[in-house]
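Okay, structure first, notes after.
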Amino acid sequence: MDVKNAFSHGDLHDEVYMHPPSGVDAPLGYVCRLRRALYDLKQAPRAWFQRFASVIQGDGFSPRRTLLLLYVDDMLITGDDPEHKSQVKKQLSEQFQMSDLVPLSYFLGIEVLQFEKVQVYQRSCCSSGLSDHCTAATHMDLHCQSDGLPLEGPSRYRHVVGCLVYLAATRHDIAHVVHILSQPTSVHYGHLLRVLRYLRGTSSQYLFYPRDNPLHLHSYSDSTWASDPTDRRSIMGYCILLGSSPIAQKSKKQASISWSSTEAEL
């Protein structure tokens, strides 16, 4: 289904004014007061969602959430309404032969311990397969260089970096260095070994989610200025926390360089 002119259905509760559009004959100096949201208006998405939510709640829908995650034949079901979760399980069992397993403890290499707190591990992904038993105190050299000759036969290198990309879902501390190591060079190979030794020594680290964690979002972001020596592009990173627990993070090189940011740096 598609809603026609969705944003125009949103009711504005704040006073918003706009210049008369072309074709409207209005006295000089007069402006128009908006009664409903328009496209390109910053308040439009919020106003449309509030209107839509009020309509479906008026029809008997409740603001409950049930999430299903399916991977081949394994499924996770979670939500904030135990009765609705049981109803979903019952409906699925009527269509498929299913077995209700124990509460979540292991899924796709991710370990979950649930007591008075929730701990999320990926210890199985930290096994590096190195022949030595050395460890590293830090995951990245302070003066890590990104230049170097292209690595010959990089298939093994790319496989290990791909595993680190998945591991970064619970080990946010390696997100930035994994981004740097995504381009295989002879210099990066040595840094990759350092990351593997660091993970070996810190395999017991985990994400921690206390049950009394306040439901307040905090976000932090930063970026470098023309830090890449080859194309002079910046690297941006952010981290979003729910209370004191991280729930999302990313480190990425900018796709393009804006003229305004270049002028500001100069």
Take each of the peptides 196-205, 216-225, average the number of other beta-carbon atoms within 10 Å over its residues, and list them starting from the highest. 196-205, 216-225
Ordered by packing density, taken as the mean number of other Cβ atoms within 10 Å over each peptide's residues, highest first, how do 83-91, 20-28, 180-188 rank? 180-188, 83-91, 20-28
Could you please report the charge total around residue 122, scoring K, R as +1 and D, E as -1 over all other residues with beta-carbon less than 15 angstrom from its beta-carbon? +1
Under the classification rounded if a/c is under 1.5, otherwise prolate if a/b is larger than b/c and oblate if not, where does the stretch 66-119 fall, given a ≥ b ≥ c as square roots of the Cα gyration tensor eigenvalues? oblate
Given a Förster distance of 35 Å, report the FRET efficiency between residue 11 and residue 64 from their Cβ-Cβ distance, rounded to the nearest 0.05. 0.90
Highest mean packing first, using Cβ neighbours within 10 angstrom, the peptides 48-55, 101-108 sort as 48-55, 101-108
Tail beyond 22 Å, pair distance distribution of the chain (Cα, percent): 73 percent
With n ≥ 4 as the cut-off for DSSP H runs, can you work out [θ] at 222 nm for the chain, using -39500 (n - 2.57) per run divided by the number of residues, rounded to the nearest 500? -8500 deg cm²/dmol
Amide H of residue 250 versus every other amide H placed in the peptide plane: which residues, excluding those fewer than 5 positions away on the same chain, fall under 5 Å? 238
Local electrostatic count, residue 200, Cβ distance below 12 Å [Lys/Arg +1, Asp/Glu -1]: +2
Can you sort 194, 33, 171 by how many other beta carbons sit within 10 Å, fewest first? 33, 194, 171
Provide, for the chain, the number of lysine pairs with alpha carbons under 29 Å apart, each pair being eight or more places apart or on different chains. 8
Treating only the Cβ atoms of Lys and Arg (+1) and Asp and Glu (-1) as charged, compute the dipole magnitude of the stretch 134-261 about its Cα centre; round to the nearest 20 debye. 260 debye
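All of the numbers you see were taken from the coordinates with simple rules; none came from a lab. Nothing here was measured: the structure is a model prediction, and the numbers come from that model. All Cβ positions, glycine included, derive from the backbone under ideal geometry; neighbour counts span all protein chains shown.
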